[in-house]
Amino acid sequence: MSSLVTVYFCDSEALKSLAQLFEKSLKAEREERRILDFMRYSMASPGRIKAPLLVVKGLDSLLTGEYVDPRLALDLLRVCLKKVGRDTLLLIEAKRVDWTPTNRGEVVLDGVRLPVSSIDVEDTLRLQEEYNIRNFVKASL
């Protein structure tokens, strides 16, 4: 599985903290989009999406919707992530993020398993310790 993009999957509190931290370090404002708006924007974009900091909210509504197949939703999300530029720092909000340092091949988002290329355990743990931010993981898709 090849790596498309590096993503920070976060719960809502971690998203706020990480977004503020990255805004200060990048000296750029974040661009926020709801998940469906992001997917529409991505598919309509003729080239790669170029934003220094992109925050996508509402993944839980896409994964846990009554009439949605979570596997299909994650496959569509992967297709949309192909359009994100490599220099873009991408934060995606989920209600519940579960992962273990021993299993670097998957992240569980709102009860749905998402296979990833790798989890950057070292960087995730370093950010958690240095800035006291919990409930997020840095993964490559």
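For the chain, the solvent-accessible area with a 1.4 angstrom probe is 55 square angstrom per residue. Spin-label model, Ser118/Val68: points 7 Å from Cα along the beta carbon direction are separated by 3.0 nm. Of the residues Ser45, Ser118, Ser12, which exhibits the maximal mean-square fluctuation in a Gaussian network model of the chain defined by a 10 Å Cα contact cut-off? Looking only at Ser45, Ser118, Ser12, the largest GNM fluctuation is found for Ser45. Counting only protein heavy atoms and using a 1.4 Å probe, the accessible area of Glu106 comes to about 50 Å². Charge tally around Arg40: other residues with Cβ under 12 Å, Lys/Arg +1 each, Asp/Glu -1 each, net +2. In the chain, helices alone account for a calculated mean residue ellipticity at 222 nm of -11000 deg cm²/dmol, with every DSSP H run of four or more residues adding -39,500 (n - 2.57).
Only protein atoms count toward the accessible area here, which uses a 1.4 Å probe; on the chain, the carbon and sulfur part of that area reaches 49 percent. For the stretch 1-65, the average shadow cast by the Cα convex hull is 5.6 nm², which is a quarter of the hull's surface. Computed from label points 7 Å out along Cα-Cβ, the spacing between Leu125 and Lys16 is 2.8 nm. Distance cut-off 19 Å, Cα to Cα: go down the list Lys50/Lys83; Lys16/Lys138; Lys27/Lys138 and report the pairs above it. The pairs that break the limit, which is 19 Å between Cα atoms, are Lys27/Lys138. Top mean-square fluctuation among Asp110, Asp60, Asp69, Gaussian network model of the chain, C-alpha springs under 10 Å? Of the options given, Asp69 has the highest mean-square fluctuation.
Taking the chain as a Gaussian network of alpha-carbon nodes connected by springs under 10 Å, the highest mean-square fluctuation of the residues Thr64, Thr124, Thr102 belongs to Thr102.
Using the Karplus relation 6.51 cos²θ - 1.76 cosθ + 1.60 with θ = phi - 60°, the per-residue 3J(HN,Hα) values for the stretch 35-48 come to 4, 5, 5, 4, 5, 5, 4, 5, 5, 7, 6, x, x, 6 Hz, with x marking Gly and Pro.
Of the beta bridges DSSP finds with both residues in the chain, what % are antiparallel, to the nearest 5? So the antiparallel bridges amount to about 50 percent of the total.
Normalised by the number of residues in the chain, the mean separation of alpha-carbon contacts (under 8 Å, six or more apart) gives a relative contact order of 34 percent. Give the shape of the chain as rounded, prolate or oblate, defined through the alpha-carbon gyration tensor: a ≥ b ≥ c are the square roots of its eigenvalues, a/c under 1.5 means rounded, and otherwise the shape is prolate if a/b is larger than b/c and oblate if not. Judged from the Cα gyration tensor, the chain comes out rounded (a/c under 1.5).
The values are calculated or read from the model by the stated rules, or taken from the named source; none is laboratory data. Note that this is a predicted model, so its numbers are computed, not measured. Backbone-built Cβ (ideal geometry, glycine too); neighbour counts: all protein chains shown. These area figures cover heavy atoms from the full protein model, side chains too; ligands, DNA and RNA do not enter into them. Shrake-Rupley method; radii C 1.70, N 1.55, O 1.52, S 1.80 Å.
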